[in-house]
Amino acid sequence: MRKALSGVRRRSEKLQEENERLAYQHQLITEMCKGFEWFRNMQLHALLAGPEQLLGDDVSEQLTPGCMQLQFTSLLETEAEVQLLQQLSSLPVTQQSSSTGAAAPAASALDSGQGSSNAASPASSSNQLVAPPGDLLWLLKQVCRQPWPQGCPSADEMTVAALIDNVKATASALSILLVQFDACTDAAEQAELSCKLQGTLMQHFRVGLEFTGCSHRAHPIRTLQLTNCDTGEQLKELNMQRTAWVTDSLQLSQQQQRNIAQGSVLAQKLLTPALAELRELQLQQGGESEGRTCDLAAAADGCNDAAGAAASSNQPGKGSAADAGSCSNASAAAAVVAAAAAGAAAVAAADDEDAAGAEQDTAYHLARRHSLLQQEQRSARMKLLMGKDAFLRIWFTSYLYGQLTWMQLARLHVLMYPFYPVPNDIFAHVAAKVSLQQQ
């Protein structure tokens, strides 16, 4: 009887933990839905306030509120997907408390005292998480509202070298502020230093957002992530050992680790299918280009072969005319009749060839148009998937950084220097660590 009760209790605990994990993932999806809606409204308001101030991949396009609505809806795959996310965002969630606290963000000691005042001033405590439990998108919204840093080149003029300079200046300023903060004992001075530290991070994030959020500006960030900012050396792959060491040095609480691991699971669920489809489309696009090149080469070879055959058929004709001139009159008359018949047959054959050639040309052009249409459709789909990927990476980076304290976030950037933090690698390391703990 005791064994049966013990087994039932264990199953109940596992089911409760699973319920809490799913409830927390639902909360993340709900916040993501709010993020889509917030981005769309922000862009529409920017358009209505001043269309010329709206930044986009193609500023030459004539944009209208309806067009903008369609553009941001197109980040999702279909209208059904839009409706699904809207339904998910409106579903109620009843999250039960558990002694294990598998996924409840409000259960963390770091979240105590983090109420409505957090949304207005999150600097009240050095042990306070960046994002409040009820607004996981807080950091991203604040960064979007930040003005462009003074003295920083515009996004269009900013090069990889300028980004490296920005990383150097940020790491230097943060390291000085952290030393001053650790040495300070006065609460008022600590609050002032904390505000300066947050301002430094927000300005740096504002620059990073400009590149991460635009597909045509993503290359400099990828280059930066593989660059030693001190030496300029280009790495062949990301420095995972340093990322693991820095992440462990942050001394994340158990609750922070669980929340970050949950975000990692959801990020993989959403990013993996999109990236797999994007790779497949790229392979199809490249394969069709090669196939079309081969078809054109084959067509050219066919034309050359036909021309050679026509030239060969003309040579015997000349010899026959010379022989006919040396024959008798009867033979000459017969030759003339035969030549006339041959000429008529040649004309008929030429007409047939012209008709066949016209049909081949029509078929070729139809196939060509179909191929171009497929390429355009794939290109549009690839652009949509890249937009999805960019938004999801921005959102999950905001979520990850929001699960840290301001001091942990500053130390992350200082300890990672001369390399640049890669949020997905931090996600992966924490998720692997939590998975080992649960085994």
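Quick look at the numbers
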quantity	calculated
Shape of region 217-268, Cα gyration tensor, a/c cut at 1.5	oblate
Loop-located trypsin sites (Lys or Arg not before Pro) in region 218-266 whose Cβ has at most 16 other Cβ within 10 Å (DSSP)	Lys236
Shape category assigned to region 137-184 from the gyration tensor of Cα positions, a/c cut at 1.5	oblate
Anisotropy class of region 176-265 from Cα gyration tensor, a/c 1.5 cut	prolate
At R0 = 22 Å, FRET efficiency that the Cβ-Cβ distance of Trp38 and Ser154 yields, to 0.05	0.30
Simple Cβ-charge dipole of region 228-275, Lys/Arg +1 and Asp/Glu -1, about Cα centre, in debye nearest 20	280
When each of Lys34/Lys383; Lys34/Lys269; Lys34/Lys388 is checked by Cα-Cα distance, pairs over 25 Å	none
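Quick note: the coordinates plus some simple rules give every number you see, no bench work behind them. Because the structure is predicted, anything quoted here is derived from the model rather than measured. Cβ coordinates were reconstructed from backbone atoms using ideal geometry, including for glycine residues, and neighbour counts include every protein chain displayed.
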